[in-house]
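Remarks on the structure that follows.
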Amino acid sequence: MIPIKPVGAGAGATTPAQAAAAFLRPGALHLSALPPLSLYVHFPWCVRKCPYCDFNSHEAKGGFPEEEYLAALRADLEGALPLIWGRKIYTVFIGGGTPSLMSAAGLDRLMSDIRTLLPLDGAAEITMEANPGTFEAEKFKSYRASGINRLSIGIQSFNARHLEALGRIHDDNEARKAVEIAHANFDNFNLDLMYALPSQTMEEARHDVETAIGCAPPHLSLYHLTLEPNTYFAKYPPHVPDDDASAEMQDMIAELTAAAGYRHYEVSAYARPGRQARHNLNYWQFGDYLGIGAGAHSKISFPHRIIRQMRYKQPKAYLEHARLGTPLQEEFEIGRGDLGFEFMLNALRLDEGFEVNLFAERTGLTLNAIEKSLNEAEAKGVLYRDHRIIKPTELGKRFLNDLQQVFLGD
């Protein structure tokens, strides 16, 4: 966990407006301009918890309180407005859980509230995660009409055996049907796929990737299955491909996606020209984001400080606190000593790295703050830099965790 200190500026503030005023006081940083701002909305329910999932998701046994949750989201957003007053929203991401469990009317209400309360950019990218097991053609037409202009579809695999092992609620036929519905209603969507699955062979992984490419999505996200703590798979580990087999799968993915015209622009992301995920790019470029909903995280910059927030995680607790106007469970100011690592942790995920000036723009620090670590990483051959750009080398991409750890000491 990144060591961060409790915020002092907002301590004792009784209203969001007072907190905002406190955050605007002089502090340890000087940001010449505030970064782009995104909105993240968390929907915490799903049909069934997948054995590999460590996200804040909860099985919707017997349904979920849609109306109450939408009211809580609006109250949460209204309370946060003083912190971002006047700032335009460039991307919106509705994630989960399974947001596509929402009714068409519920999603329309959410989008109406967002448009009413926030100044959305005219070309805003508005993404919603969707599970193939919840795809209904008419509902997704309504989602599109409500303002969703990008889908992120959690396919994970086109192999029925692997889908069952992953605990997914859809089968391979439903996965293909979801892609058809996406093509019919959206010109921009992403397919999520996983590899190094339990007992997966190279041939099966190749078939999954070739099938996904054959679906012609503008964007592909290809994730290595990891056995995360506090999941069913962590408690009962399945047999998965070893490191050598996983590396071969990665090489195969790189070869197939490049041949199909997808650019590998981030560790797990591949896109057609101009179809990068703008919301995720904002994270990786250390932009700002307001997160509302159960367990949502925020990073918000002010001229003299950068703060992080986390909402109450359990849906019941979140609903109670949102009703009282106290949805925040934690609020911190990022210390100067942690900003360099936090920035590099994100920016080094990008294949082309970042422009040198971006570090100062987003952290309020000079590059001298991480000079020692830059020199060390360069000497190890895992980092390239010149007067314009800083990026991981091919070796650095292979050992990204090691590269990122070099900056932890700063």
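The values are calculated or read from the model by the stated rules, or taken from the named source; none is laboratory data. All values derive from a computational prediction rather than experimental measurement. Neighbour counts run over all protein chains shown; Cβ positions are idealised from the backbone, glycine included. Side chains are part of the model used for accessible areas, which takes the heavy atoms of the whole protein and leaves out ligands, DNA and RNA. Shrake-Rupley method; radii C 1.70, N 1.55, O 1.52, S 1.80 Å.
Around the amide H of I89, modelled in the peptide plane, lie the amide H atoms of L120, D121, all under 5 Å away and 5 or more residues distant in sequence or on another chain. Ranking T231, Q276, A20 by how far each Cα lies toward the positive end of the dipole of the chain (charges on Cβ) leaves A20 at the top.
The magnitude of the dipole of region 196-348, with charges of +1 and -1 set on the Cβ of Lys/Arg and Asp/Glu and taken from the Cα centre, is near 980 debye. Of all DSSP beta bridges confined to the chain, the antiparallel ones make up roughly 45%. Where q = 0.16 Å⁻¹, what log10 of I(q)/I(0) comes from the Debye formula for region 1-141, counting one point per Cα? For region 1-141 at q = 0.16 Å⁻¹, log10 I(q)/I(0) is -1.02. When every Cα-Cα distance of region 126-221 is counted in 10 angstrom steps from zero, the calculated P(r) takes the values 17, 51, 26, 6, 0 percent.
Quick check: with the 1.4 Å probe, what order do H387, H297, H224, H321 take by accessible area, largest first? Display every interim value, and only then the final one.
Numbers: H387 165, H297 100, H224 75, H321 50 Å².
Per-residue accessible area, sorted high to low, gives H387, H297, H224, H321.
Taking 1.306 mPa s as the viscosity and 10 °C as the temperature, the Stokes-Einstein diffusion coefficient of the chain based on its alpha-carbon Kirkwood radius rounds to 71 µm²/s. Amide H to amide H distances under 5 Å link C46 with H58, E59, A60, T98, where only residues 5 or more positions off or on other chains count and H is placed in the peptide plane. With R₀ fixed at 35 Å, the C-beta to C-beta distance from R206 to N401 puts the FRET efficiency at about 0.85. A 1.4 Å probe run over the protein chains yields, for the chain, 44 Å² of accessible area per residue, whole-number rounding.
Over the Cα atoms of region 266-328, the radius of gyration divided by the Kirkwood radius equals 1.12; this is the Rg/Rh ratio. For F64, nonlocal amide neighbours, meaning residues 5 or more places apart or on other chains whose placed amide H falls under 5 Å from its own, do not occur. Evaluating 6.51 cos²θ - 1.76 cosθ + 1.60 at θ = phi - 60° for every residue in region 214-231, the Karplus couplings come out as x, 6, 6, x, x, 9, 10, 10, 10, 10, 6, 4, 10, 8, 7, x, 6, 10 Hz, glycine and proline recorded as x.
Here r is the Cβ-Cβ distance between K372 and F55 and R0 is 45 Å; the resulting FRET efficiency, rounded to 0.05, is 0.80. With a cut-off of 12 Å on the backbone N, the residues of region 353-369 near the modelled label site 7 Å out from R388 along Cα-Cβ are 355-356. Scalar couplings 3J(HN,Hα) for region 269-280, obtained by applying the Karplus form with A = 6.51, B = -1.76, C = 1.60 to θ = phi - 60°, are 10, 9, 9, 5, x, x, 10, 4, 6, 5, 5, 5 Hz; x denotes Gly and Pro. When the chain is treated as a GNM with alpha-carbon contacts under 10 Å, the residue of G325, G86, G62 showing the greatest mean-square fluctuation is G62. A cysteine counts as unpartnered when no other cysteine's C-beta lies under 4.7 Å of its own; in the chain this applies to C46, C215. Debye calculation, C-alpha points only, no solvent: report log10 I(q)/I(0) for region 252-394 at q = 0.12, 0.18 Å⁻¹, in the same order as the q values. For region 252-394 at q = 0.12, 0.18 Å⁻¹, log10 I(q)/I(0) is -0.64, -1.07.
Cα-Cα over 28 Å: which of K372/K397; K49/K177; K299/K380; K61/K313?
Working: K372/K397 20 Å; K49/K177 22 Å; K299/K380 32 Å; K61/K313 18 Å.
Violating the 28 Å limit, Cα to Cα: K299/K380.
What fraction of the Cα pairs in region 332-410, stated in percent, has a spacing above 17 angstrom? Tail fraction, whole percent: 37. Annotation: peptides 158-167, 95-104, 367-376, ranked by per-residue average of other Cβ atoms within 10 Å with the highest first, follow the order 95-104, 158-167, 367-376. Across the chain, the relative contact order, built from alpha-carbon pairs under 8 Å that are at least six residues apart, equals 19 percent.
I'd like the carbon and sulfur percentage of the solvent accessible area for the chain, probe radius 1.4 Å, heavy atoms only, ligands and nucleic acids excluded. List each step's numbers first, then the result.
Values: 9390 of 18020 Å².
That fraction is 52 percent.
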